[in-house]
1. Examine the range 16-32 for a residue that is within 21 Å of Lys149 (Cβ to Cβ) and without any contact (Cβ under 8 Å) to a residue 24 or more places away in the chain, and state whether such a residue exists.
2. Can you tell me which of Ile27, Ile11 is buried (at least 21 other Cβ atoms within 10 Å of the Cβ) and either polar (S, T, N, Q) or within 26 Å of Arg159 (Cα to Cα) (or both)?
3. Determine the pairs where a residue that is more than 22 Å from Pro54 (Cα to Cα), located within the range 120-148, has a partner that is small (Gly, Ala, Ser) and assigned to a helix (DSSP H, G or I) with Cβ atoms under 8 Å apart, the partner being 6 or more residues away or on another chain.
4. Look through Phe51, Phe82 and report the one residue that is modelled with pLDDT of 95 or more and among the aromatic types (Phe, Trp, Tyr).
5. Among the listed residues Ala131, Ala156, which satisfies the condition of being outside the structural domain of Lys29 (by TED's automatic domain parsing), touching a strand residue (DSSP E or B) at 6+ places or on another chain (Cβ under 8 Å) and crowded, with 18+ Cβ neighbours inside 10 Å?
6. Select from the range 57-66 the residues that are touching a Ser or Thr at 6+ places or on another chain (Cβ under 8 Å) and not acidic (Asp, Glu) and write down the one among them that is surrounded by the most Cβ atoms within 10 Å (Cβ to Cβ).
7. How many residues does the range 108-163 hold that are touching a Pro at 6+ places or on another chain (Cβ under 9 Å), at pLDDT 95 or above and aliphatic (A, V, I, L, M)?
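The values are calculated or read from the model by the stated rules, or taken from the named source; none is laboratory data. Note that the structure is predicted; figures quoted are calculated from it, not measured. Don't worry about glycine lacking a Cβ; one is built from the backbone with ideal geometry, like all the others, and counts go over all protein chains shown.
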Amino acid sequence: MREENVNRKPIILFDLDGTLTESGEGIVKSVQYALASLGIEESDTDKLRAFIGPPLTDSFMRYYGLPKAQTERAVAFYRERFRSIGIFENKLYPGIEEMLRTLKEAGFVLAVASSKPEPFVRTILNHFRIADCFDEVVGSTMDEKRTAKADVIEEALLRLGQSEHRERVLMVGDKEHDVIGARQSSVACVAVLYGYGTREELENAGAAVMVETVDALTAYLLQAELQSCPRY
């Protein structure tokens with residue numbers, strides 16, 4: 001990275017689901033499969049959209065009151081379907097690839113920071129042929145020990161060598177846990193409204209900057225400078 005870019009341009013961490021990819025179909029159907037495997041029939045797919053973004057373990061426990069042992073089984077069933085089918089029931093939001101390549105050409109350092117298991121994240125990025133846009137890719141661990149967004153961000157900062165330079169980093173995400181995780185890690189954040197989070201949710205989480213479209217996000221990031229990025 002050129003010295004002038006270190007001084008002026010933020011290092012950008014992108015969430016995956018709802019920020020780079022429209023992944024709802026594969027996630028919802030895989031959650032539905034997991035619940036059915038446990039004998040829970042859920043026909044309200046709108047209800048299952050709450051699973052898009054947050055860690056799976058938290059969502060199964062929060063929305064269905066599953067104890068730890070059942071939650072572990074639910075996650076295993078989810079992955080059974082997701083790794084072979086659901087992972088590809090997915091698509092890039094229009095304009096995402098163009099945005100990423102424009103940012104790379106402008107000298108930004110880009111990374112992914114997702115609560116999805118890291119092997120799945122890498123498969124998705126390779127599937128859409130955008131893996132080369134990123135300097136680092138960080139996801140959760142398969143053993144569920146790193147799932148909280150702040151923990152994912154911390155790992156990304158460590159790998160990028162930015163743990164002592166958080167003022168250089170900007171998180172982009174679509175859900176409250178992206179905003180909260182950014183605040184907990186003391187990095188700037190911009191929330192997108194085209195994903196799965198609502199304006200109310202993001203405002204309540206403390207989002208200081210929100211954009212409605214990929215074009216608006218591109219414009220914001222291209223002009224963003226470290227000293228002017230709100231912390232969250």
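1. no
2. None of the others qualify; the one that does is Ile11.
3. Taking only residues 6 or more apart or on different chains, not a single pair turns up.
4. Phe82
5. Ala156
6. Of everything passing the filter in the range 57-66, Phe60 is surrounded by the most Cβ atoms within 10 Å (Cβ to Cβ).
7. Residues that pass the stated criteria total 1.
Here is a yes/no grid of residues against (1) touching a residue at least 24 places away in the same chain (Cβ under 8 Å); (2) of a type in the set (Lys, Arg):
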| position | (1), (2) |
| --- | --- |
| Glu42 | no, no |
| Lys47 | no, yes |
| Gly53 | yes, no |
| Tyr63 | no, no |
| Pro67 | no, no |
| Val75 | yes, no |
| Tyr78 | yes, no |
